[in-house]
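Okay, here's the structure, questions in a sec.
Derivation of every value follows stated rules applied to the coordinates shown; laboratory data play no part. Note that this is a predicted model, so its numbers are computed, not measured. Virtual Cβ from ideal backbone geometry, glycine too; neighbours counted across all protein chains shown.
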Amino acid sequence: MNKKALIIVDPQLDFIDGSLAVPNASAIIPIINSIDKSKFDCVILTKDNHPKVHVSFASTHFDDKDECAEKLFTDHKLPNGSVQKLWPDHCMQDDHGSEFHPELDLNIDKLFIFKKGENPNVDSYSGFLENDKKTSTGLAEFLNKRGIEATFICGLATDVCVKFTALDSVEAGFNTFVILDACRGIAEDLTANNFELMNKGVTLLDTTELK
């Protein structure tokens, strides 16, 4: 039987009811808890873990509160020429908002946590690679060492961190699945996002189809 991993992406308070809350995000917690973890050879939790000053925070680039608020969710050109989307301060190291949701069941055998976004100068969406597409979190290497062939991905948000985790999973050579009912997205309409995932080789399913 092929070895498989469950990857739960960023089920953290800031993404659920905090500074960067995804709509209806709390609904995924009981769904994720209901997944039979014994069917997986390992369970991965990814965690956004930013320093207090981070390139992705609008507050890092604008001191004026009104200007900072105005620039939220816009693209900002950095001195190195790259473009960074600006977000509210979120998931800062040792901050309450970075913690996992308290109702998430963490009493799981073979549970491992992979942190991302710790470099103040590089953003990170994917659980596999930082946004520079060069710096590895070590997740692919970890899974390969354990003989994992398939990844099943859920969490937050469908159209940001789940999406990029899934795409990088495909690129890393894993047979990749996204569990849609155990995800929530930022956008109201995720049709284009889901078509992109399928076109890149990701299989979409829901928890009733897990075997």
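Would you please give the residues with an amide H less than 5 Å from that of residue 176, counting only those at least 5 places away or on a separate chain, with H modeled from the backbone geometry?
Under 5 Å from the amide H of residue 176 lie the amide H atoms of 151, 203, each far enough along the sequence or on another chain.
Still on this structure: Between (1) 20.5, 70; (2) 18.6, 63; (3) 16.6, 57, which entry matches Rg and Dmax of the Cα atoms in Å as derived from the coordinates of this structure?
The value computed from this structure is option (3).
Go through the stretch 148-153 residue by residue and turn each phi into a ³J(HN,Hα) via Karplus (6.51, -1.76, 1.60, θ = phi - 60°); whole Hz please, and just put x for glycine and proline.
Ordered by residue, 3J(HN,Hα) equals 5, 10, 10, 10, 10, 10 Hz.
Could I ask something else about it? Okay, helix-only estimate at 222 nm for the chain: each DSSP H run of n ≥ 4 adds -39500 (n - 2.57), divide by all residues, round to 500 deg cm²/dmol; what do you get?
-6000 deg cm²/dmol, from helical runs alone.
Can you give me the distance in nm between label points at residue 103 and residue 211, each placed 7 Å from the Cα along the Cα-to-Cβ direction?
Those two pseudo-labels are separated by 3.2 nm.
Count neighbours as other Cβ atoms within 10 Å of each site's Cβ, and list the GluC sites (Glu not before Pro) in the stretch 90-180 that are DSSP loop with at most 14 such neighbours.
Details: sites: 99, 103, 118, 130, 141, 149, 171; in loops: 99, 103, 118, 130.
Counting only loop positions with at most 14 other Cβ atoms within 10 Å, the GluC sites (Glu not before Pro) in the stretch 90-180 are 103.
I would also like to ask the following. Whole-Hz Karplus ³J(HN,Hα) for the stretch 108-115, in order, using 6.51 cos²θ - 1.76 cosθ + 1.60 and θ = phi - 60°, x for Gly and Pro?
Residue by residue, the stretch 108-115 yields 10, 5, 6, 9, 9, 10, 10, 8 Hz.
Another question, if that's okay. For the stretch 48-84 and the stretch 174-204, write down the distance between their C-alpha centroids in whole Å.
Cα centres, the stretch 48-84 to the stretch 174-204: 27 Å.
Here's a follow-up. Among the listed pairs 77/145; 116/145; 71/134; 145/200; 85/134; 115/200, which have their C-alpha atoms separated by more than 30 angstrom in this model? Don't skip to the answer; put the middle values down first.
Working: 77/145 38 Å; 116/145 20 Å; 71/134 28 Å; 145/200 24 Å; 85/134 19 Å; 115/200 25 Å.
From 77/145; 116/145; 71/134; 145/200; 85/134; 115/200, over 30 Å: 77/145.
In degrees from 0 to 90, rounded to the nearest 10, what is the angle of the helix 161-171 Cα long axis to the longest principal axis of the chain?
60 degrees
Additional query: Mind checking the full-extension length gain between residue 136 and residue 94? Use 0.36 nm per residue of separation minus the Cα-Cα distance, one decimal, nm. Please list the in-between numbers first.
On the way: separation 42, 0.36 × 42 = 15.12 nm, distance 2.24 nm.
Gain on stretching residue 136 to residue 94: 12.9 nm.
Using Cα pairs under 8 angstrom and six or more residues apart, how large is the relative contact order of the stretch 54-193, in percent?
On the way: 182 pairs, mean separation 22.7, N = 140.
Over the stretch 54-193, the number comes to 16 percent.
Looking at the stretch 36-95, which chymotrypsin sites (Phe, Trp or Tyr not before Pro) are DSSP coil and have at most 15 other C-beta atoms within 10 Å of their C-beta? Mind showing how you got there, number by number?
Values: sites: 40, 57, 62, 73; in loops: 40, 62, 73.
In loop regions of the stretch 36-95 (DSSP not H, G, I, E or B), the sparsely surrounded chymotrypsin sites (Phe, Trp or Tyr not before Pro) are 73.
Loop only per DSSP, at most 13 neighbouring Cβ atoms within 10 Å: give me the trypsin sites (Lys or Arg not before Pro) in the stretch 5-52, ordered by residue number.
Values: sites: 37, 39, 47, 52; in loops: 52.
Here the sparse-neighbourhood loop sites are 52.
Could you run the Karplus curve 6.51 cos²θ - 1.76 cosθ + 1.60 with θ = phi - 60° over the stretch 188-201 and give me ³J(HN,Hα) per residue in whole Hz, x for Gly and Pro?
Per-residue couplings from phi come out as 5, 10, 9, 4, 5, 4, 5, 5, 4, 4, 5, 5, 8, x Hz.
Between residue 38 and residue 187, what is the spin-label point distance in nm, taking each point 7 Å from the Cα along the Cα→C-beta axis?
Each label point is offset 7 Å from its Cα along the Cβ direction, giving 4.0 nm.
Non-local amide H neighbours of residue 7 (under 5 Å, H modeled in plane, Pro and chain starts lacking H): which ones?
When sequence neighbours closer than 5 places are left aside, the close amide H contacts are 44, 152, 153, 154.
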